[in-house]
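Worksheet: one structure, shown below.
The values are calculated or read from the model by the stated rules, or taken from the named source; none is laboratory data. Keep in mind it's a predicted model, so treat the numbers as computed, not measured. FYI the Cβ positions are ideal-geometry reconstructions off the backbone, even for glycines, and counts take in every protein chain you see. The area values use the complete protein model at the heavy-atom level, side chains included, leaving out ligands, DNA and RNA. Shrake-Rupley method; radii C 1.70, N 1.55, O 1.52, S 1.80 Å.
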Amino acid sequence: MKKNTLAITFAVLFALFGFQANSQAADKVRFAYISDSPGSSAPYWIAKEAGIFKKYGLDTELIFINGSTRGIQSMIAGEIDFAGAVGTSAINGKLAGGDVVIVDSLVNTLPYYIIGKPNIKSPEDLKGRTAASHIPGTSADFAVRLVLRKYGIDYKDIQAVMVGGATARVAAVINGQVDFTMVTDSGKLLGEKAGLKLIIDMAKLKIPFQFTCTVTTRALIQQRSQTVEKMVQAVAESVHFFKTRKKETIDIMSKYTRGQKPDVLEGSWLAYKELLVEDTYPTLEGLNDTLAVQANWDPKAASAKAENFVDLRFVEKLKKSGFLEKLYGGQKMSKF
């Protein structure tokens, strides 16, 4: 009888402690990715599909929310824990009083292209032309403003017509309604097939810009700092997976883009293989440049600094701990 009682006691204790251990291991998080286009969200898809989230003890629910602004709004409302975001949306959310902070980065430059009518001879020839633009404040809108500055053209020197998404913008140029527009790699391919001309490859210019990054709240960092650390580690490893495992990456991209054409996926992989930053370190220079542009219409941006929008402790730890060196075997890592 005593033996049975002792056995039952051990069984109950084992069950209790086992349940507690499993509860601790199951670190549940809700993560929103904000684009189903191939490339920019792919490391998040990889982290889910390749089991990298699980490797770092994250039970991640991956949710599609169309648009960076909507993703950040959902995060501020407490509906999700993390979001992929464009730097401009993170800035706007923070300046509006929201609890938003960037903890790592995927792309630190503008992965955009200016495409237009074949009769446009050079970037300087864009002056006085009509452009199909996106909503003011989006990354595509900032892309045009920043690249025009590089060629000495004021935004007021072009006529911007707000059209919307990339497909509509390309169609506006093809139909002759406007002279040029800005697109990512998939829009570039679409435009070139229709006979449009590549005028500026912004990615090659390496203009600092906080394009894709991971955001969360300072409240979550304070309450669950280990969760944030694991997320940053998982994203960094997913970037490595993207760069080194082409076939598996393209298969995952195909799944999340609903069977996008192989040539588009191939082109996106080649582009983002170069664009994704291995150390996942945000670009403070790019954030400051964005604030400088935004200060033209937003007084709050004029007094803000890049450091107000980031928490770098987690990406710093990736470097200091040897995590990145182990991942890449001592190879030189890109910053853009």
Original post:
How would S268, S186 line up by accessible area, probe 1.4 Å, largest first?
Top reply: S186, S268
Subject >> Accessible area expressed per residue, segment 99-169, with surrounding protein chains retained (probe 1.4 Å, Å²) >> reply: 39 Å²
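Sort 204-216, 49-61, 153-165 by the packing proxy (mean of other Cβ within 10 Å over each peptide's residues), most packed first. Write out the running numbers ahead of the final one.
Working: 204-216: 22.9, 49-61: 17.3, 153-165: 14.7.
The packing order, highest mean first, is 204-216, 49-61, 153-165.
Starting from 0.36 nm per residue, how many nanometres of slack lie between K54 and T244 once their C-alpha separation is accounted for?
Details: separation 190, 0.36 × 190 = 68.40 nm, distance 1.99 nm.
This chain segment gains 66.4 nm when fully extended.
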Original post:
When only DSSP loop residues count, what chymotrypsin sites (Phe, Trp or Tyr not before Pro) in segment 277-314 have their Cβ near at most 15 other Cβ atoms within 10 Å?
Top reply: W297
Original post:
In whole Å, what three semi-axes, largest first, describe the equivalent ellipsoid of the chain built from its Cα gyration tensor (square root of 5 times each eigenvalue)?
Top reply: 42, 22, 17
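Could you grab the relative contact order for segment 176-316? Cα pairs under 8 Å, six or more apart, rounded to a whole percent.
Numbers: 74 pairs, mean separation 41.8, N = 141.
Once normalised by length, the contact order is 30 percent.
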**OP:** Kindly identify segment 104-218 as rounded, prolate or oblate by the Cα gyration tensor criterion: order the square roots of the eigenvalues as a ≥ b ≥ c, call it rounded if a/c is under 1.5, otherwise compare a/b with b/c, prolate if a/b is larger, else oblate.
**Re:** prolate
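Run through the DSSP bridge list for the chain and note the antiparallel percent, rounded to the nearest 5. Could you put the intermediate results ahead of the total?
On the way: 18 of 34 bridges.
Taking every DSSP beta bridge within the chain, about 55 percent pair in antiparallel fashion.
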**OP:** May I ask you to evaluate 6.51 cos²θ - 1.76 cosθ + 1.60, the Karplus curve with θ = phi - 60°, for each residue of segment 232-238 and list the ³J(HN,Hα) values in order in whole Hz, giving x for glycine and proline?
**Re:** 5, 5, 4, 5, 4, 5, 5
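Taking the mean number of other Cβ atoms within 10 Å as a proxy for protection, how do you rank 236-244, 116-124 from highest to lowest? Before the final figure, lay out each step's value.
Details: 236-244: 21.2, 116-124: 13.4.
In decreasing order of mean packing, 236-244, 116-124 become 236-244, 116-124.
First check a/c for segment 217-320, with a ≥ b ≥ c the square roots of the eigenvalues of its C-alpha gyration tensor; if it is under 1.5, answer rounded, and if not, answer prolate when a/b is larger than b/c or oblate otherwise. All intermediate terms of the calculation are to be shown ahead of the outcome.
Values: a/c = 2.38, a/b = 1.47, b/c = 1.62.
Because a/c hits 1.5 or more and a/b fails to exceed b/c, segment 217-320 counts as oblate.
So how do 284-296, 98-110 stack up, highest first, on mean other-Cβ count within 10 Å?
Values: 284-296: 18.8, 98-110: 23.7.
Highest to lowest by the protection proxy: 98-110, 284-296.
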**OP:** Report K150's accessible area, 1.4 Å probe, all protein chains in place, as a number in Å² to the nearest 10.
**Re:** 120 Å²
Original post:
Using alpha-carbon pairs under 8 Å, 6+ residues apart, how would you state the relative contact order of the chain in percent?
Top reply: 24 percent
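In whole percent, how big is the carbon plus sulfur part of the accessible area of segment 36-132, probe 1.4 Å, protein atoms only? Spell out each step's value before the answer.
Details: 1480 of 3310 Å².
That share works out to 45 percent.
Would you list I65, I200 from the most to the least accessible area, probe 1.4 Å? If you can, show how the numbers build up before the last one.
Values: I65 30, I200 5 Å².
From most accessible down to least: I65, I200.
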**OP:** Would you list which lysines come within 23 Å of K305, measuring only between C-alpha atoms, while excluding same-chain residues fewer than 8 positions from it?
**Re:** K94, K150, K206, K317, K335
Original post:
Just how far, in whole angstrom, is segment 209-246 from segment 117-183 if you go by their alpha carbon centroids?
Top reply: 33 Å
**OP:** Mind jotting down the distance between the C-alpha centroids of segment 70-106 and segment 43-59, whole Å?
**Re:** 21 Å
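What relative contact order, as a whole-number percentage, does segment 16-127 give when Cα pairs under 8 Å and 6 or more residues apart are counted? Please report the intermediate quantities before stating the final value.
Details: 117 pairs, mean separation 28.5, N = 112.
Relative contact order for segment 16-127 comes out at 25 percent.
Suppose only helical runs count, i.e. DSSP H with n ≥ 4. What mean residue ellipticity at 222 nm does that imply for the chain under -39500 (n - 2.57) per run, divided by all residues and rounded to the nearest 500 deg cm²/dmol? All intermediate terms of the calculation are to be shown ahead of the outcome.
Working: 17 runs with 168 residues, N = 336.
Mean residue ellipticity at 222 nm (helix-derived): -14500 deg cm²/dmol.
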